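Contents: one structure, followed by commentary.
No value in this document is a laboratory result; all are computed from the given coordinates. Computed from a prediction, not measured in an experiment: that's the story for all the values here. Glycine gets a Cβ as well: all are built from the backbone with ideal geometry, and neighbour counts include every protein chain shown.
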Amino acid sequence: MDKLLEIKDLSVRLLTAYGVARGVRGVSLEIGEGEIVGIVGESGCGKTLTAKSVLGLHNPERAEVGGSILFRTKSGETVDIAKLKQKELQKIRGKEISMVLQDSSTALSPIITVGRQMEDVILAHRDIKRPEARETAAGLLESVGISEPRMRLKCLPGELSGGQLQRVCIAMAMSSEPRLLLCDEPTTALDSVTQAQILELLKKLSKERNMAVLIVTHNFSAVKRICDRVYVMYAGLIAESGTAEEVTKSPKHRYTADLLKSIPTAEKKDRLESVAGSLPDVYGDISGCPYAPRCKSACEGCLKGVSMTEFSPTHFAACIKGGDFGG
Ligand SMILES: Nc1ncnc2c1ncn2[C@@H]1O[C@H](COP(=O)(O)OP(=O)(O)OP(=O)(O)O)[C@@H](O)[C@H]1O
Ligand code: SF4
Ligand SMILES: [Mg+2]
């Protein structure tokens with residue numbers, strides 16, 4: 001599979017009134033053409049900052065971005081998004097790479113019809129007239145599984161359900177025929193049945209259009225459902241990466257293993273083990289394994305520093321124990 005995106009040693013330092021917050025401390029990840037990749041980790045580990053970096057959304061006056069974000073454009077050229085000027089970013093943002101956010105209600109204006117908002121987005125990408133844009137909008141709604149699309153186009157966002165609105169946002173993101181779709185917690189605000197439907201929709205669109213998807217989530221069930229590969233993040237770093245099956249069935253990092261134990265499943269609804277403790281201070285330095293203060297398998301060696309170990313050609317983890325956690 002050809003590489004579409006390759007992030008190398010990404011760091012994001014946020015310049016705040018309290019000092020420099022090190023939201024991302026050195027993330028490397030890659031996505032192939034048409035691949036569905038998950039980033040999973042608990043709140044505050046740097047998932048959104050990583051996804052926003054791919055769209056070059058940080059304010060340069062308040063954030064320092066280090067490392068490189070190499071993206072292969074439609075024309076076959078490789079650009080480093082971390083180094084592009086705003087004008088060059090505009091050629092990629094919302095066109096070759098689109099984003100769907102957690103809460104669709106914040107992405108849409110409540111006082112403008114869905115149709116008008118979709119048309120405006122379509123007209124921004126395509127050299128066509130409004131009636132044609134309306135036809136395109138109806139087709140896009142149909143492709144994301146919305147029934148009676150022409151009628152829905154006349155609705156205000158408040159007249160649609162949360163699941164329908166998320167479908168509208170996905171349809172809008174698809175209007176530029178992106179090669180990479182970034183989804184930041186796209187299903188968190190939805191009930192479990194609708195969550196499953198939206199995930200299936202993303203999978204279907206990815207396959208039909210050979211579109212890569214980077215999905216940010218807290219949720220390992222979503223990873224198992226649609227991802228080809230997954231990166232587990234902790235404290236602004238990658239703790240583990242592998243195929244969805246490798247990481248969920250045979251975790252090699254103690255943090256991944258603990259996260260997996262904390263997910264409810266049909267068999268262990270009442271026996272959840274929460275991960276005690278919290279992430280390291282985002283303003284502080286980290287030496288050794290960042291998970292050591294919370295890790296029940298920690299030993300002296302973990303404090304000296306841990307490097308990525310290969311467990312298979314696709315499976316890597318930065319943990320001394322390498323899956324042998326001793327119960
Ligand atoms: N603008 C900012 N200024 C200061 N700190 C920030 C800023 N944005 C993010 N951070 C910090 O950087 C860290 C990573 O933030 P990020 O939003 O990427 O987390 P996340 O993994 O997406 O969490 P969640 O699952 O809650 O959305 C957090 O500690 C957060 O508080
Ligand atoms: S390296 Fe050590 S502290 Fe870190 S997760 Fe593995 S066992 Fe725990
Ligand atoms: Mg987030």
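Among Asp258, Asp127, Asp80, the order by Cβ neighbours within 10 angstrom, fewest to most, reads Asp127, Asp80, Asp258. Exposure proxy shown here: for Leu165, Leu14, the number of other Cβ atoms within 10 Å sets the order, fewest to most, as Leu14, Leu165.
Angle check, please: helix 162-174 long axis (alpha carbons) against the longest principal axis of the chain (alpha carbons), in degrees 0 to 90, nearest 10. Computed tilt is about 80 degrees.
Once you reduce segment 56-110 and segment 17-55 to the center of their Cα atoms, the two points are 13 Å from each other. When only the Cβ of Lys, Arg, Asp and Glu is charged (+1, +1, -1, -1), the dipole of segment 112-253 relative to its Cα centre reaches about 160 debye. For a paramagnetic label modelled on Phe311 (point 7 Å from Cα along Cα→Cβ), amide N atoms under 16 Å away belong, within segment 209-243, to 224, 229-234, 238-243. Of the residues Lys224, Lys296, Lys304, the one that moves most in a GNM of the chain with alpha-carbon contacts below 10 Å is Lys304. The residue list Met99, Cys319, Ala51 was ranked by how far each Cα lies along the charge dipole of the chain toward its positive end, using unit charges on Cβ atoms, and Met99 comes out on top.
Considering only Cα-Cα distances, which of the following residue pairs are longer than 31 Å: Lys83/Lys154; Lys47/Lys91; Lys47/Lys321; Lys83/Lys304? From the list (Lys83/Lys154; Lys47/Lys91; Lys47/Lys321; Lys83/Lys304), the Cα-Cα distance tops 31 Å for Lys83/Lys154; Lys83/Lys304.
Computed FRET efficiency, Cβ-Cβ of Asp2 and Glu177, R0 25 Å: what is it to the nearest 0.05? About 0.90, to the nearest 0.05. One decimal place: the segment Val193-Thr16 gains 59.7 nm when fully extended, by the rule 0.36 nm per residue minus the C-alpha distance.
Within the chain, the longest run free of GluC sites (Glu not before Pro) that sit in a DSSP loop with at most 14 other Cβ atoms within 10 Å is 78-266. Note on the chain: dipole from Cβ charges, positive end direction compared against Cys155, Pro60, Ser192; the farthest Cα belongs to Cys155. Each Cα pair under 8 Å and six or more residues apart adds its sequence gap; the mean of these over the residue count of the chain is a relative contact order of 20 percent.
The alpha-carbon of Lys224 sits under 13 angstrom from the alpha-carbons of these aspartates and glutamates, leaving out residues fewer than 8 places away in its chain: Glu200, Glu245, Glu246.
With a simple spin-label model that places each label point 7 Å from the Cα along the Cα-to-Cβ direction, the separation between Ala124 and Ile286 comes to 3.4 nm. Each Lys and Arg adds +1 at its Cβ and each Asp and Glu adds -1 at its Cβ; summed about the Cα centre, the chain shows a dipole of about 280 debye.
Note on segment 184-301: with charges restricted to the Cβ of Lys and Arg (+1) and Asp and Glu (-1), its dipole about the Cα centre is near 400 debye.
Counting 0.36 nm for each residue step from Ser43 to Arg150 and taking away their Cα separation leaves a gain of 34.6 nm.
When a/c reaches 1.5 or more, the comparison of a/b and b/c decides; with that in mind, is segment 1-86 rounded, prolate or oblate per its Cα gyration tensor? Because a/c hits 1.5 or more and a/b fails to exceed b/c, segment 1-86 counts as oblate.
Note on Asp324 and Lys249: the extension gain reaches 25.6 nm, defined as 0.36 nm multiplied by sequence separation minus the Cα-Cα distance.
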